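Here is the structure we will look at, set down as structure tokens.
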Amino acid sequence: MYSIQTKKLKKIYKSGTVAVDEISFDVEEGEIFGFLGPNGAGKSTTMMILTTLLKPSGGQAFVSGFDITTQQKNVRQSIGYVQQDVTIDEYLTGRENLLLQARLNHIPKNLISSRIDDLLNLVELNEKADDPTITYSGGMRKRLEIAGGLLHRPKVLFLDEPTVGLDIQTRQKIWEYIKKIHTEYKMTIFLTTHYMEEADKLCGRIGIIDNGKIQTIDSPSNLKNTLGGGIITLIVDDSPSKNDLISKIKQIQFIQDVTITENKITIFTSKGTDVAPLIFSMSSNFGVTIRSISITQPTLDDVFLSFTGHDLRDDNTKKSYDRRKEYRKIQRMKS
């Protein structure tokens, strides 16, 4: 059974920008599914459509079996949404913030206190529950946000860039809480990220999205296995013969793919140690100087490069949304 289904989902803004370009994918019930891509790839736009904050320009989508365009209220009642930016009230305590969330979500009064206590325990904020959240660290605030998204026991939890801006130690701690939530509540989790390690650690499957299009969907391990047993990375000098060298490399047995980014040549091969000497010999014949060479095992960075032809970038060419306004909008919709 699917918690999320999309069929040729599309979003075109008034400017003519195609943010989401006829994407189709399914998320199974109880799965942690990740959308991996750079800023501006269409990740957050897709999430905003699925959480009913944006209307699609075309296609269909269903969340928990409800149509996002004709059954919006049902969708909102079945989801939890934790956006990228922290939106808690800094002058309320952790407990007071959750109490406000509980009332906005119309949780029965007789259940509010026990649910808040349970969630404070889950995210390990019991001892800080009655402190003003202005005293909380970034990681503590994010944990409180996640707790707020769980108050009404959603069937599907949406996490938009859940660890952006956090240091690596705090990020890893948040990953632990996400895994804990998934295990404890058996809920479907849909998250967006541009951190390769985050997608690798958390997600059963990931969809790589770039320029509004889904490039591939599979488990992290399967995606890495498709690239074979080794990645050879060359840094070469500019040379008129560089393209001739690349053409010749592509003809070598065991070469699966070759990508070029300026003077960096990335070669995907099943036998890196066998192929490397051949490349050295060819470069010498073509008069191309190799400045450095490395042979590594495939990572999700390599997968992204293989499917998109470029490294995972962090561009901000698209205008960012006022996420605080989005948050208030969805709360008004629920009330």
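The values are calculated or read from the model by the stated rules, or taken from the named source; none is laboratory data. The structure displayed is predicted, hence computed values, not measured ones. Here Cβ is always computed from backbone atoms with ideal geometry, including for glycine, and neighbour counts include all displayed protein chains. Only protein heavy atoms, including side chains, enter the accessible area calculation; ligands, DNA and RNA are left aside. Shrake-Rupley method; radii C 1.70, N 1.55, O 1.52, S 1.80 Å.
At a glance:
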read-out	value
Built amide H within the under 5 Å cut-off of GLN256, gap 5+	PHE268, THR269, SER270
Given charges at Cβ of Lys, Arg, Asp, Glu: the stretch 76-147 dipole, positive-most of PRO108, LEU98, GLY139	PRO108
Förster radius 41 Å - calculated FRET efficiency between SER292 and VAL164 (Cβ-Cβ, nearest 0.05)	0.85
Where GluC sites (Glu not before Pro) in DSSP loops with at most 16 other Cβ within 10 Å are excluded, longest remaining stretch of the chain	125-261
Net length gained if the chain between THR70 and ASP85 were fully extended (0.36 nm per residue, minus Cα distance)	2.6 nm
Residue-normalised accessible area of the chain, given per residue in Å² at a 1.4 Å probe	47
Anchor LYS271: lysines whose Cα lies under 24 Å away (excluding residues fewer than 8 positions away in-chain)	LYS224, LYS242, LYS248, LYS250
Candidate values (i) 5, 23, 28, 21, 13, 7, 3, 0; (ii) 6, 27, 36, 23, 7, 1, 0; (iii) 5, 22, 32, 24, 12, 4, 1, label of the one derived for P(r) over Cα pairs in 10 Å bins from 0, in percent	(i)
Alpha-carbon Rg with Dmax, taken over the stretch 151-294, Å	20.5, 67
Counting DSSP beta bridges with both ends in the chain, the antiparallel % (nearest 5)	70
Cβ-Cβ FRET estimate between SER113 and SER219, R0 fixed at 35 Å, reported to 0.05	0.30
Phi-based couplings in Hz for the stretch 255-260 (Karplus 6.51, -1.76, 1.60; Gly and Pro marked x)	7, 9, 6, 9, 10, 10
Euclidean distance of C-alpha centroids, the stretch 192-244 and the stretch 13-77, integer Å	23
The chain, helix-only ellipticity at 222 nm - DSSP H runs n ≥ 4, -39,500 (n - 2.57), divided by all residues, nearest 500	-11500 deg cm²/dmol
Exceeding the 24 Å Cα-Cα cut-off - candidates LYS14/LYS55; LYS10/LYS73; LYS11/LYS180; LYS55/LYS213; LYS55/LYS201	LYS11/LYS180; LYS55/LYS201
Heavy atoms of THR261 accessible to a 1.4 Å probe, total area in Å² rounded to 10	50
Per-residue HN-Hα couplings for the stretch 192-199 [Karplus 6.51, -1.76, 1.60; θ = phi - 60°; Hz; x = Gly/Pro]	9, 7, 10, 9, 4, 4, 4, 4
Per-residue ³J(HN,Hα) for the stretch 74-86, Karplus 6.51 cos²θ - 1.76 cosθ + 1.60, θ = phi - 60°, Hz, x for Gly and Pro	5, 4, 4, 6, 9, 10, x, 9, 10, 7, 5, 7, 6
Computed lengthening from HIS310 to LYS271, 0.36 nm per intervening residue step minus Cα-Cα distance	11.8 nm
Amide H contacts of TYR81 (H built 1.01 Å from N, under 5 Å, at least 5 apart or other chain)	PHE158
Carbon/sulfur fraction of accessible area - the chain, other protein chains in place, 1.4 Å, %	46
Length added when fully stretched, LYS7-ILE134, from 0.36 nm per residue minus Cα-Cα	41.5 nm
